[in-house]
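The values are calculated or read from the model by the stated rules, or taken from the named source; none is laboratory data. No experiment lies behind these values; they were computed from the predicted model shown. Neighbour counts are summed over all protein chains in view; Cβ atoms, including those assigned to glycine, are modelled from backbone coordinates with ideal geometry.
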Amino acid sequence: MNGSGGDTEAISGSGVDPVPSPPVPRGRGPAVAALMLGMALAAIDGTIVSTAVPQILGDLGGFAVFSWLFSGYLLAVTVTLPVYGKLSDTFGRKPVLIAGIILFLVGSVLCAAAWNMAALIAFRVVQGLGGGALQGTVQTIAADLYPLKERPRIQAKLSTVWATSAVAGPVIGGLLAAYADWRWIFLINLPVGALALWLVVRHLHEPSRPRGAGAPRPRIDWAGALAVFATGALLLTALVQGGVAWPWLSAPSLGLLAASAVLAVLTVVIERRAADPIIPGWVWRRRTIASANLALGAMGLLMVAPTVFLPTYAQSVLGLGPIAAGFVLSVMTLSWPVSAALSNRVYNRIGFRRTAIIGMGCALLILLSFPLLPYPGEPWQPALIMLLLGAALGLFQLPLIVGVQSTVGWSERGTTTASVLFCRQVGQSLGAALFGAVANGVLASRLADAPAPGLPGDLDAISHALDDPGALSAAATDHLRRAVDAAVDQVYIGAAVAAAVALLVLVFVAPRRFPILTEDTDTGAGTTAVSSAEAPRG
């Protein structure tokens, strides 16, 4: 795996890239616009739907299961990422992206026509099946279109899409829900998706693939795809619903976890026997890819602290309204794309691994500073922490994604990119389950000596109770606020532990230098030369 001194790493697996790397096209503007529109469909989805939940519940009912509006979508996106990654390597990015956009738009139309909550949840899963193709394939095409030196440009643009969506989604969703109808939050996807689809069909061009009697016939590992899908579905269902819909040690949780473990073993057996597996073994045998997967999985876990628990902290502890609480979080999306765009100036000088180490090291210190905030504190204090955290994570994530994509040829890039995104998504699901248990455990211990009987005992119930200040005494209100403050502090400490795990992976597992696969972008031919340098210098 690692060469002497750790400076190079052998590329094992498929050997010579069987499909030539595409030449860097001229006039990439329309294709890039298509990628940004496609990414916007996936990025804005969660934030725009969340603002319309009260209207949806008022129309369709189904309060007991409405969380599946988000869980079902996330589940479908996550479990399909590896499948779409392999399909894009086998049949090309363009058909997979086109199919993803169409499926997402079909799901949007069905969601707008939903007649009850069960139907809406089912159609959200259809949307998620398309969203999985959008997320993974867009990132892969971005790496195809740009050579190594220019990849930060397109990645920064895609990061800007996520940042803009985080701010625009709640605004658009709130306006549509208030002045139109909640169904328009799904119908608004149609013109955006139609434009993206037209741009992809007309302006996205891929290298010609070998055809004829001598060309290898593409093979799809359907058994492996089904096994991966089933394993991921059971595991994520257990993580998302455990401690929410049923207790962690209940029969449903234990049964789902046991079944997912059995299916995971079966998946490994199927994939080892498959001629062209959905998740090839080289994804985990190559230290560069394996370390990036683990590090980004840890990042997904730590991201739960700001995205899930910070808004509750801002409203329950600081007493901010929903819009102001959203702003405290959104400042992170302002510094993230800026840091990502400038990260190439760092990794061109010191390399991918060292840049990621610096980014995550800063994130670790920033996360540890959150529990030091005074109670109740001022809103600018957590906002400043989120601004710095966004800058640190932008410096961490982009070098890893660009670096890993640069170690593989065209025919392996889709699988590699999907594995990175899949691990990050699984990390987020695991973090939501783990930190939810931590927060509720802290709340239970703090409320054991509450000054008034009958106080709510979980985070959601406390948030609702604090929204009605007249319902509680001053002492009870202060006790609840301090309990939430202590719970969120512990969650951030847990996030810091996840950051430390990512650092340890980068220091002890990742190779000292990423083995960059050089490409002849003038002729479009991929080569198998492995550079001992992590990135272009000078």
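Structure values in brief
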{"read-out": "Checklist (1) modelled with pLDDT of 65 or more; (2) surrounded by 22 or more Cβ atoms within 10 Å (Cβ to Cβ); (3) among the hydrophobic types (A, V, I, L, M, F, W, C) applied to Ala535, failing item", "value": "(1)"}
{"read-out": "Members of region 134-159 found to be more than 22 Å from Asn189 (Cα to Cα) and among the hydroxyl-bearing types (Ser, Thr, Tyr), listed by number", "value": "Thr140, Tyr146"}
{"read-out": "Criterion: modelled with pLDDT under 90, hydrophobic (A, V, I, L, M, F, W, C) and out of contact with any Cys (no Cβ under 7 Å at 6 or more places or on another chain) - qualifying residue of Ala356, Ala391, Ala324", "value": "Ala324"}
{"read-out": "Extreme residue, nearest to the chain's Cα centre (by Cα), among residues of region 262-276 that are under 25 Å from Leu129 (Cβ atoms) and free of Cβ contacts under 8 Å to residues at least 24 places away in the same chain", "value": "Val268"}
{"read-out": "Test: residue in region 417-432 that is over 21 Å from Trp284 (Cβ atoms) and either at pLDDT below 95 or under 18 Å from the mean Cα position of the chain (by Cα) (or both)", "value": "yes"}
{"read-out": "Conditions (1) under 17 Å from Ser50 (Cα atoms); (2) part of a helix (DSSP H, G or I): number failed by Ala133", "value": "(1)"}
{"read-out": "Test: residue in region 138-161 that is over 15 Å from the mean Cα position of the chain (by Cα), surrounded by fewer than 19 Cβ atoms within 10 Å (Cβ to Cβ) and among the small types (Gly, Ala, Ser)", "value": "no"}
{"read-out": "All helices (runs of 4 or more DSSP H) inside region 248-335 with 3 or more residues being buried (at least 23 other Cβ atoms within 10 Å of the Cβ)", "value": "287-302, 310-316"}
{"read-out": "Number of positions in region 49-63 that are modelled with pLDDT of 80 or more and either in contact with a Ser or Thr (Cβ under 6 Å, 6 or more places away or on another chain) or closer than 13 Å to Ile188 by Cβ (or both)", "value": "1"}
{"read-out": "Criterion (part of a strand (DSSP E or B), closer than 22 Å to Leu294 by Cβ and at pLDDT 70 or above) met by exactly one of Leu517, Leu504", "value": "Leu517"}
{"read-out": "Residue within region 363-374 that is at pLDDT below 90 and either outside any helix (DSSP H, G or I) or under 17 Å from the mean Cα position of the chain (by Cα) (or both) present", "value": "no"}
{"read-out": "Filtered residues of region 375-394 (kept if of a type in the set (Phe, Trp, Tyr) and in a loop (DSSP other than H, G, I, E, B))", "value": "Tyr375"}
{"read-out": "Of all residues in region 341-357 being of a type in the set (Val, Ile, Thr) and within 21 Å of the chain's Cα centre (by Cα), the one that is surrounded by the most Cβ atoms within 10 Å (Cβ to Cβ)", "value": "Thr355"}
{"read-out": "Residues of region 361-376 satisfying the condition of being within 17 Å of Leu387 (Cβ to Cβ) and either surrounded by 18 or more Cβ atoms within 10 Å (Cβ to Cβ) or not assigned by TED's automatic domain parsing to the domain that holds Ser343 (or both)", "value": "Cys362, Ala363, Leu364, Ile366, Leu367, Phe370, Leu373"}
{"read-out": "Residue check, Pro95 farther than 30 Å from Ala178 by Cα and either of a type in the set (Ser, Thr, Tyr) or surrounded by fewer than 24 Cβ atoms within 10 Å (Cβ to Cβ) (or both)", "value": "yes"}
